[in-house]
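One structure is given below, encoded as structure tokens.
The values are calculated or read from the model by the stated rules, or taken from the named source; none is laboratory data. Keep in mind that this is a model prediction, so the values were computed, not measured. Reconstructed Cβ throughout: ideal geometry from the backbone, glycine too, with neighbour counts over all protein chains shown.
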Amino acid sequence: MPVMEPTILKVTDGLVALTLVDKAASGYSPAWQAPGGKTAATATLADFTAANQQWSAQITSGKLTPSKQSNRSDRPATFCSPASSSVNPAQSTYALDLSFFQDAHVRDGLSAFLFENDTLEAYFLLAGNAGTAPPRAVGRVNLVAGGFLGEPQANLTDSVSLDVIRKPDVLFGSTGSTRLVTGAGTATNNPA
Amino acid sequence: MTGPAPRTKLDDTRDALHAALVRTLAAAGWGPERAHRMPPRQPVAPCGWVDAFTLSQGHTEEVPMTAATVPVVLLVDGASPDQVARLDVLMAHGWVELTAAATKPFGPAILTAGPDTIDLGGAETRAVVFQVQVPLMVRTLCHSTLTPSDGAPSPDVP
């Protein structure tokens, strides 16, 4: 059997963008995963840059974290059969987990954005390749405020876990060979 | 013939520490010409210099980083009671000035500061040496390098 090398993914030039959901936007639908109803394949950085709300150098970790929601039904043992357990599947929930350097000294920084828009709904773009190439994900989160200041003489960091409102869209693959899996459940190879 | 080498983050760090060295020597009453940006070939006490860097990987606030550690040397003539008497001034002001050195984006940390002797081929010397650590890069979503040739962060993506 030939020796196979593992396929390794390493984020070297990633990006997180957030922009508030504008429910007054033309044609708005609650099903939109990105501004203008775009998908992980079609959303552009320009859709998120109206207020310069994208961050890269501040972010030390950006991860879409799923949580399984399935549970098990246990059946006790009887005189003629052992105990057993079966799984009741349920769709996973997601969180956009961000770790970052605090930037409360920047007027339009991430700390200010999160604090100002606490509880509001926002579209997110999480990209592993400069925001323009796959893999990338878009979806909607509820914003929460981050921490403010901390220890003296330290490089202040913080982290937030933003609840993703519904299953996000993810564009897998690499440029020229992609697969878009939407939160609605459709999968499309090389979407336009 | 080649042109000047492109500046690196080590150049910027050296400049900031050199500026702190100038202020430290000034506190002891000595002029900026006694502060050397690079190790001098033939040190003449009193003087100070920023020595060669050692790079290492570690963590700052749990974030992986690349840091430079560099000795900053302050040298006096051990045969001069007047110069030796200023070692405490050099130590105190060196600590303050080097801690406040304007390295970017992260400030320096002094790992150790203590007495040392520098071999100048027979001359009696006394010195205080600061081991200064400066984080140069932290691992973020933005690709970063020590050199300006590639990976410079986009100015519009903070």
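Sub-6 Å Cβ pairs linking a first residue in the stretch A:56-75 that is more than 7 Å from chain B (Cβ to nearest Cβ) to a second residue that is exposed (fewer than 11 other Cβ atoms within 10 Å of the Cβ) and of a type in the set (A, V, I, L, M, F, W, C), at least 6 apart or interchain, are A:Gln69/A:Ala90; A:Ser70/A:Val87; A:Ser70/A:Ala90; A:Arg72/A:Val87, ordered by first then second residue. Counted as qualifying within the stretch B:44-90 are the strands (runs of 3 or more DSSP E) with 1 or more residues that are away from every other protein chain (no Cβ under 14 Å) and more than 19 Å from B:Ala113 (Cβ to Cβ), namely B:54-60, B:63-77.
Contact map, the stretch A:143-164: residues that are more than 10 Å from every other protein chain (Cβ to nearest Cβ) paired with residues that are part of a loop (DSSP other than H, G, I, E, B) and of a type in the set (D, E, K, R), Cβ distance under 8 Å, separation 6+ or inter-chain. Pairs shown: A:Leu143/A:Asp118; A:Val144/A:Asp118; A:Ala145/A:Asp118. Residues in the stretch B:1-41 that are touching a residue at least 60 places away in the same chain (Cβ under 8 Å) and not hydrophobic (A, V, I, L, M, F, W, C): 8 in all. For the stretch B:104-128, the candidate set comprises residues that are touching a Ser or Thr at 6+ places or on another chain (Cβ under 8 Å) and β-branched (Val, Ile, Thr); within that set, the residue that is surrounded by the fewest Cβ atoms within 10 Å (Cβ to Cβ) is B:Thr117.
Among the listed residues A:Ser99, A:Ser111, which satisfies the condition of being among the polar types (S, T, N, Q), surrounded by 13 or more Cβ atoms within 10 Å (Cβ to Cβ) and out of contact with any strand residue (DSSP E or B) (no Cβ under 7 Å at 6 or more places or on another chain)? It is A:Ser111. Please go through the stretch A:20-52 and give me each residue that is without any contact (Cβ under 8 Å) to a residue 24 or more places away in the chain and acidic (Asp, Glu), ordered by number. A:Asp22, the sole residue that qualifies.
I'd like to check something: does the stretch A:90-108 contain any residue that is under 25 Å from B:Pro64 (Cβ atoms) and without any contact (Cβ under 8 Å) to a residue 24 or more places away in the chain? Yes, the conditions are met somewhere in the stretch A:90-108. You will find that of B:His143, B:His93, the residue that is touching a helix residue (DSSP H, G or I) at 6+ places or on another chain (Cβ under 6 Å) and surrounded by 18 or more Cβ atoms within 10 Å (Cβ to Cβ) is B:His93 and no other. Of all residues in the stretch A:5-44, which are at pLDDT below 90 and surrounded by 16 or more Cβ atoms within 10 Å (Cβ to Cβ)? Within the stretch A:5-44, A:Val11, A:Asp13 meet the criteria. Of all the criteria given as (1) over 19 Å from A:Arg179 (Cβ atoms); (2) small (Gly, Ala, Ser); (3) part of a loop (DSSP other than H, G, I, E, B); (4) touching a residue at least 60 places away in the same chain (Cβ under 8 Å), the one not satisfied by A:Ala17 is (3). Residues that are away from every other protein chain (no Cβ under 12 Å), outside any loop (DSSP other than H, G, I, E, B) and aliphatic (A, V, I, L, M) within the stretch A:105-124 comprise A:Leu114, A:Ala122, listed in sequence order. If you go through the stretch A:143-192 and keep only what is part of a strand (DSSP E or B), charged (D, E, K, R) and surrounded by fewer than 16 Cβ atoms within 10 Å (Cβ to Cβ), you end up with just A:Asp163. With respect to (1) within 14 Å of chain B (Cβ to nearest Cβ); (2) within 15 Å of the chain's Cα centre (by Cα), the lone exception for A:Trp32 is condition (1).
Give the residue that is nearest to the chain's Cα centre (by Cα), with candidates limited to residues of the stretch A:1-21 that are away from chain B (no Cβ under 14 Å) and within 25 Å of A:Ala192 (Cα to Cα). Within the stretch A:1-21, the match that is nearest to the chain's Cα centre (by Cα) is A:Thr19.
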